[in-house]
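Nothing in this text is a laboratory measurement; each read-out follows from the coordinates by a stated rule. Keep in mind the model is a prediction, meaning the values are calculated, not measured. Positions of Cβ are generated from backbone atoms using ideal geometry, with glycine treated the same way; all protein chains shown enter the neighbour counts.
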Ligand code: GAL
């Protein structure tokens with residue numbers, strides 16, 4: 001039997017990160033679930049070249065007990081060979097996140113899903129479930145979210161679908177998924193009321209009371225939605241808010257510390273890095289307050305050439321959290337790197353400082 005390599009004892013942000021077989025970890029846009037004494041890292045399996053920006057394989061899973069040494073546990077969610085499937089090979093599966101539902105005893109994976117050759121127009125959430133943490137996950141649904149539901153923080157006078165003039169005005173605008181002066185801050189959720197709200201970059205969060213939330217870039221990326229999930233975590237519960245209308249936040253990652261909800265997002269510049277953004281709230285339903293860029297050190301203004309994907313609570317250390325980010329390589333997607341950095345609390349506020357290398361003893 002091959003001896004597993006169990007040799008890593010330091011995080012080296014941005015470097016190649018070999019798994020226990022010696023291959024660079026392939027779990028981009030990922031998230032980590034802690035379950036039964038192990039950490040499970042789920043992420044986009046990317047192949048070489050530009051085609052690697054589409055899903056050719058699916059979602060890969062790794063496990064670890066020490067956070068440094070990760071064992072490849074195979075493909076948790078495989079793309080389908082049936083071209084009619086919503087998760088047919090060549091679609092886009094991004095930012096998969098897995099949570100465990102104690103009522104159904106199912107692991108539930110949500111991800112951002114785009115149909116093949118749709119150029120990100122679908123903006124759907126995909127949902128899959130499995131009895132086993134490592135999969136195989138089976139398809140539950142794919143679509144937009146919260147159809148027929150008004151946001152909890154929409155003023156009563158705005159709770160109406162677009163009229164003909166508003167609709168005509170909106171179709172004339174070119175909405176490119178990034179900030180633009182013409183962005184109509186209060187029209188798109190009304191446009192999408194009947195068909196469901198758009199869902200692109202996303203994460204999941206389970207609160208202390210077991211209630212889970214889906215946080216996702218919506219309304220052509222201009223508004224972040226925070227949406228409560230049903231008890232089985234497989235669909236929206238029909239309660240959601242709009243956060244930072246017109247703010248163009250992507251790459252949401254959230255954690256709870258000191259009784260507060262801390263949200264780290266990015267701006268909206270595609271694969272190109274930009275400054276991370278920190279926000280805080282005492283209730284997940286807001287109000288959310290912007291606190292600016294939490295990163296410090298070289299290239300802090302572009303998140304160290306990365307984009308956040310998850311905040312990982314370290315087990316047994318109530319004050320220890322790791323900021324996980326991706327350094328994308330869109331021209332050769334498989335070569336994307338990971339930036340894991342500790343979140344430090346300075347004057348009660350999360351700060352992410354660049355380090356060439358660090359280990360968990362620094363968290364004590
Ligand atoms: C980024 C997003 C990635 C991916 C990419 C595609 O802004 O965070 O997950 O969707 O755009 O250009």
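Roughly what % of DSSP beta bridges within segment 50-137 run antiparallel, to the nearest 5? Mind showing how you got there, number by number?
On the way: 20 of 21 bridges.
Taking every DSSP beta bridge with both residues in segment 50-137, the antiparallel ones total about 95 percent.
Neighbour counts of other C-beta atoms within 10 Å: give me 46, 260, 172 arranged from fewest to most. Could you put the intermediate results ahead of the total?
Numbers: 46 26, 260 13, 172 7.
If I rank by nearby Cβ atoms, fewest first, I get 172, 260, 46.
When only C-alpha pairs under 8 Å and at least 6 residues apart count, what is the relative contact order of segment 210-323, in percent? All intermediate terms of the calculation are to be shown ahead of the outcome.
On the way: 239 pairs, mean separation 19.9, N = 114.
Over segment 210-323, the number comes to 17 percent.
With the convex hull built on the Cα atoms of the chain, state its orientation-averaged projected area in nm².
On the way: hull surface 73.5 nm².
The Cα convex hull of the chain, projected and averaged over all directions, gives 18.4 nm².
Sorted by average packing, counted as other Cβ atoms within 10 angstrom per residue and highest first, what order do 192-200, 159-167 take?
Working: 192-200: 20.4, 159-167: 11.7.
For the peptides 192-200, 159-167, the packing ranking is 192-200, 159-167.
Does segment 8-118 classify as rounded, prolate or oblate by the C-alpha gyration tensor (a ≥ b ≥ c root eigenvalues; a/c under 1.5 gives rounded; else a/b over b/c gives prolate, otherwise oblate)? Walk me through the numbers on the way to the answer.
On the way: a/c = 2.39, a/b = 1.27, b/c = 1.87.
Verdict is oblate for segment 8-118.
Take the Cβ-Cβ distance between residue 299 and residue 163 as r, set R0 to 51 Å, and report the resulting FRET efficiency rounded to the nearest 0.05.
Details: r = 47 Å, r/R0 = 0.92.
Between residue 299 and residue 163 the formula returns 0.65.
What are the equivalent ellipsoid semi-axes of segment 62-162, built from the alpha-carbon gyration tensor (square roots of five times its eigenvalues), in whole angstrom, biggest first?
30, 20, 13
In deg cm²/dmol and to the nearest 500, what is the mean residue ellipticity at 222 nm of the chain if only DSSP H runs of at least 4 residues count, each as -39500 (n - 2.57), divided by the residue total?
Working: 2 runs with 13 residues, N = 364.
Counting only the DSSP helices, I get -1000 deg cm²/dmol.
What does the highest-first list of 173-182, 316-325, 35-44 look like by mean Cβ count within 10 Å?
Going by the mean number of other Cβ atoms within 10 Å, highest first, we get 35-44, 316-325, 173-182.
So for 226, 93, fewest C-beta neighbours within 10 Å to most, what's the order? List each step's numbers first, then the result.
Details: 226 27, 93 24.
Listing 226, 93 from fewest to most nearby Cβ atoms yields 93, 226.
State, as an integer percentage, the relative contact order of segment 275-364 based on alpha-carbon contacts under 8 Å between residues 6 or more apart. Before the final figure, lay out each step's value.
Numbers: 148 pairs, mean separation 19.7, N = 90.
With pairs under 8 Å counted, the relative contact order is 22 percent.
Gaussian network model of the chain, Cα springs within a sub-10 Å range: biggest mean-square fluctuation belongs to which of 205, 244, 111?
Looking only at 205, 244, 111, the biggest GNM fluctuation is shown by 244.
State the Kirkwood hydrodynamic radius of segment 149-294 in Å, one decimal place, computed from all pairs of distinct Cα atoms.
Values: mean 1/r = 0.0630 Å⁻¹.
Radius from the Kirkwood sum: 15.9 Å.
Could you calculate the contour length gain from residue 272 to residue 349, that is, 0.36 nm times the residue separation minus the distance between their Cα atoms, to one decimal place in nm?
25.1 nm
Counting pairs of Cα atoms in segment 293-364, how many percent are more than 18 Å apart?
Details: 1003 of 2556 pairs.
When all Cα pairs of segment 293-364 are counted, 39 percent exceed 18 Å.
How do 329-336, 275-282 rank on mean C-beta neighbours within 10 Å, highest first?
Details: 329-336: 16.6, 275-282: 19.2.
The peptides rank, most packed first, as 275-282, 329-336.
Can you sort 152, 124 by how many other beta carbons sit within 10 Å, fewest first?
Values: 152 15, 124 24.
So the residues, fewest neighbours to most, are 152, 124.
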